[in-house]
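These notes concern the structure reproduced below.
The values are calculated or read from the model by the stated rules, or taken from the named source; none is laboratory data. Because the structure is a prediction, the values reported are computed rather than measured. Glycine gets a Cβ as well: all are built from the backbone with ideal geometry, and neighbour counts include every protein chain shown. Quick note on the areas: whole protein, heavy atoms, side chains included, nothing else; ligands and nucleic acids left out. Shrake-Rupley method; radii C 1.70, N 1.55, O 1.52, S 1.80 Å.
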Amino acid sequence: MWKVISAAINRFVLKSFDEAATDQPAKVKAAVAPDPGEPPSTLEKSGGAASRDRDDLTRQFQQAIQVLQGGNGSAAEQIVQASVANAAQSHPNTPLHADACFKLATILSALGHFDRAEIACRQAVAIPATEDAAKKERLTYQLYLADILSHQNKVDESERVLTENSAERKVLFGAEHVGYAIGLSAWADLLLSRKRPMEALEKIDESVHILNRAKHERLPADLALRAFIVKAANGLHATSLEAWPDLTRGMQKMLAHQALRQAKQADSSLAQAVLVELRRRLESTPEMESSLLLSVDIALANAAKQNGDHEVHISACRNMVAVCDAMPDRAQLTMARQALAMALDGAGRFDEAAPAYDAAVATAREVNDLALLSNVLRNYALSADKAGRFEQAETLHREAVDHGASSGDWSTHGRSTVAYGIFLQHAGRNEEARGLLEEAVAHLSPAHADFAEAQDHLKALEEGIACSCKKE
């Protein structure tokens, strides 16, 4: 799904929040100077008062972001709603009014109220824009409107908005301007989500051409998007990062980060194909940060797991272990070794999973984190039980519960207690199981991932029937 909000809007929102969190005055972009002889705008006629109103709107929006970050979405919305009302009264149908409506749309989008965000954004777009500065702002509002529509599966209208947006950008900026490329990129992203990769490739190639000529900082983001489009258009094995050697090291890193962001929202098969190629590029690039390699390995492991590709999943986890082994953080290495053990377990390679779990447990014992050790032991116990090693599984479960209790973390203790209780119930030791499951239910939040499972097993015990997992 095309996600401008998760990228551009979030960057805008976070930037505003960061500025609001400082004591420095907010940075407000200067207005574009009008051409000589051009009649003054409504805001310019009012002179410094309008500028102060813009500053006030910016500060109010930053305050709303702070409130939103604090978890009070209703209060954040009220702040911006008041800004819209003030702008509508003092400067109706002006760029200030449009900007206030747009800011309301961003808050509503962040709250997930896309239907109401659509109304606010439509209002921002509908306000007439006669000067270049206002026209440029309106083009931004159109992009957000298209994204809001896409979030509501109104993709036909979203594409119509983007078509209009690109045409207007071409007239306003020119066919070789970065401003035009921005519209092309958004359009290509939507076309990819609509499974029209050949059309998307045409748009993104034009955008990349423009950005490359300008040596613009947006180039890595578009190259990352292009990689996914190429794989979709030409096949998963098609080379999609051929520009990599010609990029500066900084741009290579930016491309990698952008590809990781894109992978989170992309089809898992496309994500895996792009990440496999990206990993090879990173391996062949000297002095690349290990943290970036690790991020790619984690994303690749997740994509391969979704695809059921055990070989790539295991290979990515082995790479994770190798990268983490060279880092001082032993907790990170513990999690990497556990990930490898779980990948081997998922592939049914129990003989290989056991030593991988042994290594994870050994590393976890070096770390002063009882919750981490409890989780590794619990997963190892589940694997041993699956492999038919009952006595080892019970020993591991018991130790996991002990360390979970000592950790002081009831979420961890609850998970280990539920797992041990279910294990005992499956073994026919119902009274022991009942005590553990009742303890877990008494202390776990109903929102906890294992709460419902514990309740289901307790219900089976009370009714004297087999639990649902035994019926399967």
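What the table below lists for this structure:
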quantity: Answer from GLY404, GLY464 - the residue that is on the phi > 0 side of the Ramachandran plot and open to solvent by less than 70 Å² (accessible area, probe 1.4 Å); calculated: GLY464
quantity: Residue satisfying condition, being in a helix (DSSP H, G or I) and either surrounded by fewer than 24 Cβ atoms within 10 Å (Cβ to Cβ) or not charged (D, E, K, R) (or both), within set ASP156, ASP147; calculated: ASP156
quantity: Residues of region 348-369 classified as within 19 Å of ALA393 (Cα to Cα) and either of a type in the set (A, V, I, L, M, F, W, C) or under 28 Å from the mean Cα position of the chain (by Cα) (or both), total; calculated: 9
quantity: Residue satisfying condition, being of a type in the set (Lys, Arg), modelled with pLDDT of 95 or more and open to solvent by less than 50 Å² (accessible area, probe 1.4 Å), within set LYS103, LYS170; calculated: LYS103
quantity: Subset of region 415-445 (residues that are out of contact with any helix residue (DSSP H, G or I) (no Cβ under 8 Å at 6 or more places or on another chain), open to solvent by 60 Å² or more (accessible area, probe 1.4 Å) and not basic (Lys, Arg)); calculated: GLU431, ALA442
quantity: Pair list, Cβ under 9 Å, 6 or more apart: region 293-307 residue farther than 12 Å from ALA336 by Cβ and in contact (Cβ under 8 Å) with a residue 60 or more places away in the chain, other residue of a type outside the set (Val, Ile, Thr) and not in a helix (DSSP H, G or I); calculated: none
quantity: Any hit, region 176-190, residues being in contact with a Gly (Cβ under 7 Å, 6 or more places away or on another chain), modelled with pLDDT of 95 or more and assigned to a helix (DSSP H, G or I); calculated: yes
quantity: Sole residue being free of Cβ contacts under 8 Å to residues at least 24 places away in the same chain, outside any helix (DSSP H, G or I) and surrounded by fewer than 19 Cβ atoms within 10 Å (Cβ to Cβ), chosen from PRO245, PRO286; calculated: PRO286
